[in-house]
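Input: a single structure, listed below in structure tokens.
The values are calculated or read from the model by the stated rules, or taken from the named source; none is laboratory data. From a predicted model like this one, the values you see are computed outputs, not experimental measurements. Every residue, glycine as well, gets a Cβ built from its backbone with ideal geometry; the counts of neighbours run over all protein chains shown. These accessible areas exclude ligands, DNA and RNA; they are computed on the full protein's heavy atoms, side chains included. Shrake-Rupley method; radii C 1.70, N 1.55, O 1.52, S 1.80 Å.
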Amino acid sequence: MSSWDRFTDTFFNAKVMAKYWPDILYGVGVTVELAVLIVVSGLLAGLALALIRALAIRPLNWLIIFIVDLFRSLPPLVIIVLIYFGLPAADISPSGFVSTWLSLALVLMAFAEEIFWAGITSIPKGQWEAARSTGLGFGQTLTNVILPQALRLTIPPLTNRTIAITKGTALGTVVAVSEILGMASSAMSNSYNPSPLMMGAAAYLVLFLPVVVAGRWIEKKFAWKR
Amino acid sequence: MIVSAKGIHKHFGHLHVLKGVDLEVAERELVFVIGPSGSGKSTLLRCLNRLEQPSAGSVTVDGIDMLAPATDINHARQRIGMVFQSFNLYPHMTALGNVALALRKVAGKSRAEADALGLAALERVGLADRATHRPLELSGGQQQRVAIARAIALEPRVMLFDEPTSALDPELVGSVLAVMRSLRESGMTMIVVSHEMAFARNAADRVVFMDDGLILEQGPPAAIFENPAHERTRAFIGQIQRH
């Protein structure tokens, strides 16, 4: 057996791959489901917090800043573990899936809030004044004048952050979520062969490469052009 | 009096920017407010539509007590158009979109109605043919005229101009002043903060000189420009005219 054969036999073993590809595919389904839930809930919650912050109610803003700073500082893995192993102490026992979803959504919410907030505050004060001087209310000004400009500015940083956090779904393995990496590593232990991990890697590429490329395209399209 | 401001004080932290200003403006009057920078002219203007909340005093515009808590400020502001030094057009909308937004959202017009009224307003400032252009595709003078159209589309009773030509290249100033002149001829009540002395001289009914948060003197343009009573007015006008 040549060394090349030994390499392919170890990392791209056809028999092992044939046996475990349905498991990996199942993992892909779980990862996609998890990612979509995280992105939708995290971005919506982040936008909601930024809008509440725009109301400038002081105690509320302190609370928002505290929450946001907290979830931006903690490693996502720590949050997942805290929720999964900590919440049962309060008689709530979220599944590994729910724990991962909640944790990463909270992290994305925190970063998204900061990005949305930066976008809102980067719009010149004169835009507010012009709109308010024509009789538009606070909410009307926010939705018709400020947000359309602010959101445009937030798209590039938001795309990057969303991709980074969505990849964190792999952390779900530590709380037994059967996402791609979890399925791949259990298949690896069962078969004493790392080929399933290669399949997992391929699955990540197939899933995320188009997103990354689309992200770059969106970034180019929206960057600093107003 | 369509505009009546009495005893206006404004503090910004430690700064006492307005120190008890009274200003009465009659219907169809064009009042010019001049004075050194930092004298409180812009702040006074912004107190009239409550973009700044006066620290003390009263403001009545078209019979509405602007400072009363019960006043619907958004409703009241429809009657007071404002034009800013930096235009402040909405960059993500067309010229017509800029003009029509408040017509739809505040005046409650349908989109078709708002567009028709918006086009008519753009026509009045000579820019109907630029309706579909974005602000950044327009010259500074055109942008400021769109901003004027945005304000007059709501048929305000009073127009406030906060240094409307200060951000413009000299060759573009004329087009904006021409629009202001035609507004004046249509009978609009106008309060203008500006250093366009030539315009003040032949269009204003009254010139108000402010210094250090107070109105120092006021009167017909000829009197203020040729024969100012105060040394500071004289010094200021001398400086302006030398440039």
Checklist entry - Condition test on B:V21, is it in contact with a Ser or Thr (Cβ under 7 Å, 6 or more places away or on another chain) and crowded, with 22+ Cβ neighbours inside 10 Å? => result no
Checklist entry - Is it fair to say A:I79 is in a helix (DSSP H, G or I) and modelled with pLDDT of 90 or more? => result yes
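If we only count helices (runs of 4 or more DSSP H) wholly inside the range A:133-226, which ones have 1 or more residues that are farther than 24 Å from A:W21 by Cα and within 22 Å of the chain's Cα centre (by Cα)?
Values: elements: A:138-141, A:147-167, A:180-191, A:195-222.
Hits in the range A:133-226: A:147-167, A:195-222.
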Next on the checklist: Considering only the range B:133-142, I want to know if a residue exists there that is within 11 Å of another protein chain (Cβ to nearest Cβ) and under 24 Å from B:E52 (Cβ atoms).
Outcome noted: no
Checklist outcome for this item: Counting only residues in the range B:107-120 that are within 13 Å of chain A (Cβ to nearest Cβ) and farther than 20 Å from B:M188 by Cβ, the one surrounded by the fewest Cβ atoms within 10 Å (Cβ to Cβ) is identified as B:G108
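So, in the range A:43-56, exactly how many residues are open to solvent by 50 Å² or more (accessible area, probe 1.4 Å) and either in contact with a helix residue (DSSP H, G or I) (Cβ under 9 Å, 6 or more places away or on another chain) or over 30 Å from A:P156 (Cβ atoms) (or both)? Can you show your working first?
Initial filter on the range A:43-56 (open to solvent by 50 Å² or more (accessible area, probe 1.4 Å)): A:44, A:51-52, A:55-56.
Filter once more, so that each one left must be either in contact with a helix residue (DSSP H, G or I) (Cβ under 9 Å, 6 or more places away or on another chain) or over 30 Å from A:P156 (Cβ atoms) (or both): A:44, A:51-52, A:55.
Summing the residues that are open to solvent by 50 Å² or more (accessible area, probe 1.4 Å) and either in contact with a helix residue (DSSP H, G or I) (Cβ under 9 Å, 6 or more places away or on another chain) or over 30 Å from A:P156 (Cβ atoms) (or both) in the range A:43-56 gives 4.
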Checklist entry - How many residues does the range B:34-78 hold that are in contact with an Asp or Glu (Cβ under 6 Å, 6 or more places away or on another chain) and among the hydrophobic types (A, V, I, L, M, F, W, C)? => result 2
Item to check | From the options B:H195, B:H230, residue that is in contact with a strand residue (DSSP E or B) (Cβ under 6 Å, 6 or more places away or on another chain), within 23 Å of B:S39 (Cα to Cα), open to solvent by 40 Å² or more (accessible area, probe 1.4 Å) and modelled with pLDDT under 95 | outcome: B:H230
Item to check | Enumeration of residues in the range A:145-166 that are farther than 19 Å from A:L51 by Cα and either facing chain B (nearest Cβ under 10 Å) or surrounded by fewer than 18 Cβ atoms within 10 Å (Cβ to Cβ) (or both) | outcome: A:N160, A:I163, A:A164
Next on the checklist: I'd like the full set of residues that are open to solvent by 50 Å² or more (accessible area, probe 1.4 Å) and farther than 27 Å from A:D69 by Cβ, limited to the range A:114-133.
Outcome noted: A:R132
Checklist entry - Failed condition for B:R104, given (1) open to solvent by less than 10 Å² (accessible area, probe 1.4 Å); (2) within 14 Å of chain A (Cβ to nearest Cβ); (3) touching a helix residue (DSSP H, G or I) at 6+ places or on another chain (Cβ under 6 Å), with all others met? => result (1)
Item to check | the range B:91-100, residues that are at the interface with chain A (Cβ under 8 Å from one of its Cβ atoms) and touching a Leu at 6+ places or on another chain (Cβ under 7 Å) | outcome: B:P91
Checklist outcome for this item: If we keep only residues of the range B:52-86 that are open to solvent by less than 60 Å² (accessible area, probe 1.4 Å) and free of Cβ contacts under 8 Å to residues at least 12 places away in the same chain, then the residue farthest from the other protein chains (Cβ to nearest Cβ) is B:A68
Checklist entry - In the range A:171-185, which residues are surrounded by fewer than 19 Cβ atoms within 10 Å (Cβ to Cβ) and touching a residue at least 60 places away in the same chain (Cβ under 8 Å)? => result A:V174, A:A176, A:S178
Checklist entry - Tally time: how many residues in the range B:162-198 are in contact (Cβ under 8 Å) with a residue 60 or more places away in the chain, more than 19 Å from B:A95 (Cβ to Cβ) and not aliphatic (A, V, I, L, M)? => result 8
